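Notes for the one structure printed next.
Nothing in this text is a laboratory measurement; each read-out follows from the coordinates by a stated rule. Values in this document were obtained by computation on a predicted structure and should not be read as measured data. All Cβ positions, glycine included, derive from the backbone under ideal geometry; neighbour counts span all protein chains shown.
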Amino acid sequence: MSKIKLGAQLFTLRDFIQTYEDTEQTFEYLRGIGINVIQISGIGPIEPERVAELVERFSMDVCVTHIKFDRLKNALERLLEEHKMINCPGIGIGSMPGDFPRTKEGFEDFVKEITPIAKKIKAAGLQFGYHNHSFEFERFEDGRTGFDILVEETNPDDFHFILDTHWLQYGGMNPPDVIRNLKGRMEVCHFKDYKIVKNERKFAEVGTGNLNLTECFKACSDCGAGYIVIEQDKCDIDPRKSMAISYENLKAIASKLQ
């Protein structure tokens, strides 16, 4: 079994990728701490060709992106071109858009709209991925959750997942179990930790919180994931330092298991 590649979800560093010059410096920083795997999300209005130039110059392995639903619906051909520019195999969405109510019917309507898009992405040689939060685990009157609908009413070949350990745990799930249950449907996993401070949940650097990320890593290996990327929505310290701490701790987990 090949090693899982470790990297950074750029959403964590979104304040430092809003211009070409800042992104250049951020890529240089990431390479300096040993990271060459990234997910592109939260980037500023930089021309795709210039982003591609930076990706090539810094030898970045772009594993997936997060794209707004409007672009998936209305600019898919251009998106496919942009992803091929950066050799990125995955097009992701951050969550079900707010236009869809978080009800059983809302999830079913979302599935109907995303299904033909996911098929087109697959036909072009790329893979669609859905990133979860916790709202997908609210249980409806029939006993199912929104997540159940996403899993059961989509084609496993076309519709994959970008599972997030933090939000799985916060949604009342056991992250390793969910990861293993989606074997073959997850190429990228978000490792996100959280801690309890004064009885409140706070985002935390990987390995400094309460999640059992060692078991999550084992589950990722079992399910055939190719990438684990670090994501922290909010940081108490400079996000760049936060990323460095998380990366060292993630490498320590990986070194025991790979």
Original post:
In the range 67-99, how many residues are of a type outside the set (Asp, Glu), in contact with a helix residue (DSSP H, G or I) (Cβ under 7 Å, 6 or more places away or on another chain) and surrounded by 19 or more Cβ atoms within 10 Å (Cβ to Cβ)?
Top reply: 7
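Only one of 213, 163, 168 is hydrophobic (A, V, I, L, M, F, W, C), under 30 Å from residue 74 (Cβ atoms) and either surrounded by 15 or more Cβ atoms within 10 Å (Cβ to Cβ) or touching a strand residue (DSSP E or B) at 6+ places or on another chain (Cβ under 9 Å) (or both). Can you tell me which?
After ruling out the rest, the residue left standing is 163.
Does residue 135 satisfy the criteria of being surrounded by fewer than 20 Cβ atoms within 10 Å (Cβ to Cβ) and over 30 Å from residue 48 (Cα atoms)?
Numbers: surrounded by fewer than 20 Cβ atoms within 10 Å (Cβ to Cβ): yes; over 30 Å from residue 48 (Cα atoms): yes.
It is true that residue 135 is surrounded by fewer than 20 Cβ atoms within 10 Å (Cβ to Cβ) and over 30 Å from residue 48 (Cα atoms).
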